[in-house]
1. Can you give the FRET efficiency to the nearest 0.05 for B:Glu281 and B:Val32, using r as the Cβ-Cβ distance and R₀ = 45 Å?
2. For the pair A and B, how large is the buried accessible area, both sides, in square angstrom to the nearest 100, if the probe is 1.4 Å?
3. For a quick protection proxy, order the peptides A:284-294, A:172-182, B:227-237 by their average other-Cβ count within 10 Å, most packed first.
4. Quick one: accessible area per residue over segment A:100-258, 1.4 Å probe, rounded to a whole number of Å²?
5. Give me the Kirkwood hydrodynamic radius of segment B:355-435, using the inverse of the mean 1/r over all pairs of distinct Cα atoms, in Å to one decimal.
6. Rounded if a/c is under 1.5, else prolate if a/b is larger than b/c, else oblate: which is chain B, with a ≥ b ≥ c the root eigenvalues of its Cα gyration tensor?
7. Express in Å², to the nearest 10, the accessible area of A:Lys25 obtained by rolling a 1.4 Å probe over the protein heavy atoms while all chains stay in place.
8. Quick query: amide H of B:Phe383 versus all other amide H atoms, modeled in the peptide plane; which residues come in under 5 Å with a sequence gap of 5 or more or a different chain?
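The values are calculated or read from the model by the stated rules, or taken from the named source; none is laboratory data. Because the structure is predicted, anything quoted here is derived from the model rather than measured. Here the Cβ positions follow ideal geometry from the backbone for every residue, glycine too, while neighbour counts run over all protein chains shown. Each accessible area value is taken on the protein alone, full model and side chains, heavy atoms only, with ligands, DNA and RNA left out. Shrake-Rupley method; radii C 1.70, N 1.55, O 1.52, S 1.80 Å.
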Amino acid sequence: MICPFCSLLCDATDLNEIDCGLRNKSLNQLAKFRSQLDPSFNESVLDPEMELAASIELLGIAKRVLITGRIASVQTARAAVALAMKLNGTIDCAEAGHIFKNVQAIQRAGINSVSLAEARDHADLLIVIGDDSLFDACPRIPHALHGQNMSRKTVLLLGGFTDKSMKAWQAAGFQPWSISCKLESVPSALLQWSNAMAQSSQDRMTSELFTALENAKYTAVLWSAASLFVEQADLWVERLLEWIASQNETKRCAALPWTSLDGTFQQVCTWLTGFPGRIRFQDGIPSFDTYAHSYENWLAASRDLDSDSVVIAIDETVATEPFRAKMKFGLDRKFYAIELTAGSVRFPTAVAGAEVAADIFRADQTLLAHLTPSHECDESRVRPAAYWLARLAP
Amino acid sequence: MITRLVGGECIDGVSKSEVRDLYLVQDTIFSVSKDARSDAEYNLSNHIVVAGGIDLHTHIGGGKVNIARLLLPEMVRHGRSQSERTESERTEKEWKKIAPLSSPVPGTWETGRRYLEMGYTACFEPAVLPANARHAHAEMADTPWLDTGGFLLLGNDRLLLEWISKGVPQSQINDYVAWMIRAHQCCAVKVVNAGGIDAFKFNQRHLDVDEKHWYFSITPRQILQSLSHAVESLCLAHPLHVHCSNLGVAGNIASTMATIDAVEGRRLHLTHAQFHCYGTEGPHGYCSAAKVLADRVNAESNLSIDVGQMQFGQTVTLSGDTMHQFANRKLARPRKSIFQDLECQAGCGVLPFKYRQDQYVHSLLWAIGLELFLRIEDPLRVFLTTDHPNGAPFTAYPHLIHLLMSYDFRMSIFERLHADVQRTSSLASLKREYSLDEIIKMTRLGPARALGLSNRGSLSDGGLADVVVYERCQNPEHMFARPKMVFRRGNLVYRDGEFLATASKSTIVANVEIDSTMDVTLKKVWPMQYGYSSDLIRIHQDELLSEQRNIEFTSR
């Protein structure tokens, strides 16, 4: 079985044996969703077919359409992009702001990267950058990196990690080394520590860091853009990538940028259209603009959401943070997550991978897993988001 | 549905070309109809009728293709393609000239459409990373109009390297290859720089055919021997598909010859061979060694190649050969690149690249590719590819066909090449001009046979009714740029620039049995190597099936 609740996609014969706070929380959330399927639940959609007919009519006269949300599966991403094309709409996923920190840097400078199993098997130095929120989002990253050659693996935590993170690594069998520093300073600190000058530094820590970097045969550098709270994060990533590239002149070093479940949307949108999201279709042709076609910008330009502007918001995850925007359509089952405008329509959708089969990319974007649900949902009341999206097409 | 194609010249390389009628009965070709009835008839005088084109080496799906798209948004130039323009917007001249792709690596929708617009109906992704196979299939599923298949990337997977280094029995390697092929639903095995991608992860920057991998102490020769043996034992239709060692390195003809020797007479397909045909003589330390390879292919019937012909202009190179892509990183234009070390299985390198006529090595490369085409006598063993997008986009095929069919046209470009290439290349002495029959063989029948697609590539009775009609034209570039009609499974799906219907698709998969012992073995060792179970990556047939999509099995 594969756990669908974070982009690590943990795999086990019995997932219930895995000790994971996020999984437990997500299972509770899923149970709450299931209770909402009770016919007595007063906010349920009574007649989806009628609502659907009215929605198609509304979309038919809409002049501006935005499709956004938490899209976790290949199936929903395909349907969402296809619908955006048919409606001459804009499409941008809710977590794009994080994803584009990395994407923009890569598009300027390129990247040397490594996948999860490769880092697990081969890296002898793991540099992990960020703070505890990295492990809140994917608690079992340390376990996933526990490989066969643990005796020669060093873990260096850089940034704002607390004891909580240290313990997480220790529980997975590592002896991590943590250096508390401002995230902003990490790329320049790495440059300084890998400089030959550091070797003879009077500062013992600097000298030790030089030795650790110098002795490493393969260094993997892990960070999550979602946990990267620095000014101009794309430039920060670019500087980090430059340092990694410089290391490869004489040894091996690679990035392991961690993405959330929305990485799947980015992949699918790229292969269908040539662009990783933030696109607007016109006569079937996509145009890409990281600013103009962001969902935040679209919403800012359509604050009143008049009848000409329609937002289709999708959420097929169990995430609990609400969208901070008014939406016209909600494809989800979280009666708090999407704030709908009056007279809007909500179609109850299944959670990808948990209630309906779904293909989802692991966080490193290398492995695409096929998740089959452990809890079949009642298809007469809750359908995959892709189903609704296909039905909404003109 | 019975369709009668009346009076076209049927060319397929199997039968003698002749003007005759052809019947498409449901999804099958017949030369004679059992009854005279037909639901549709098309008068095709002054047209040629051929089988759908097959591209056996084109990068159309998977991680490296997608990161190439991600890297280069600035290269996208969308305009409406010719088929999307209204009749009044088209001029005769514009219609005949093929439009460029919107980018070096367009999205799947555009890829499928543009292939069909040239008369291609089946394409094969030649480098499917096992861990990424589901992604590759998903992309290919989203590439409309085309039947697709994937070649599984082996020969740098650490599990295999470890087993070879430990000297496990060949039968175990055979079972492993069979398991990998079926688990990832692929149809052939590809090796890229055998052992070299993994060696690069250990900071080894060079690996020749008889040089040892620093960690595993095995040589590429051992890997090639083992995998070619497995491919033969499993009766895979397609021979081991090999990207040789020393990509683009001066003098690499020696390692190409050593690669051929390594398989000890077993069947072998050398891919994008033009990049592996360099000698060290010549004005800049590089010269053509195309004759050496062509002579070898002509002499040994177990060998086939695809050329990967380069065309001048901007493109992006993407390859599993991280070692050599990294070595070329400073040649990237624009100066940015992506390198990935992937999942204890392989890697990839993506470099944007601009081929220039005024650059000696680029001009030489262009000439080497054409030399290979012209020197290899049997068009059933040399295939028309540009290694899309590495040598050029696939839309270069009509132009390339023109180069092969016309000496004068070839020379008109040769005369503009770097002066040292003009002075030293033997291309001008090669007067051969391909016939239409030979072009059809190398783009249809040859690849169909090489892939074991017995129902494709010809117009024989009982064949799949994927049929293309081209209007005869003096200029082959114009003729092959745009067919008059394309039939998929007997249905007219494209006519005069208009797409008329969607088409069902097949995924081509090798028909090999999985040994249950290997299943048990991998259940045990896979989690240790990868950190997850072998079930996670195993693609079930159901995943490849839908209303519009089925599976076809091939074997030798």
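1. Numbers: r = 57 Å, r/R0 = 1.28.
The value I calculate is 0.20.
2. The contact between B and A buries close to 4200 Å².
3. Numbers: A:284-294: 16.9, A:172-182: 14.9, B:227-237: 21.1.
Put in order of decreasing packing, that is B:227-237, A:284-294, A:172-182.
4. Numbers: 6200 Å² over 159 residues.
It amounts to 39 Å² per residue over segment A:100-258.
5. Numbers: mean 1/r = 0.0769 Å⁻¹.
So the Kirkwood estimate lands at 13.0 Å.
6. On the way: a/c = 1.63, a/b = 1.23, b/c = 1.33.
Taking the square roots of the gyration eigenvalues as a ≥ b ≥ c, chain B is oblate.
7. In the full protein context, A:Lys25 sits at about 120 Å².
8. Counting only residues 5 or more places away or on other chains, the set is B:Ile305, B:Asp306, B:Val307.
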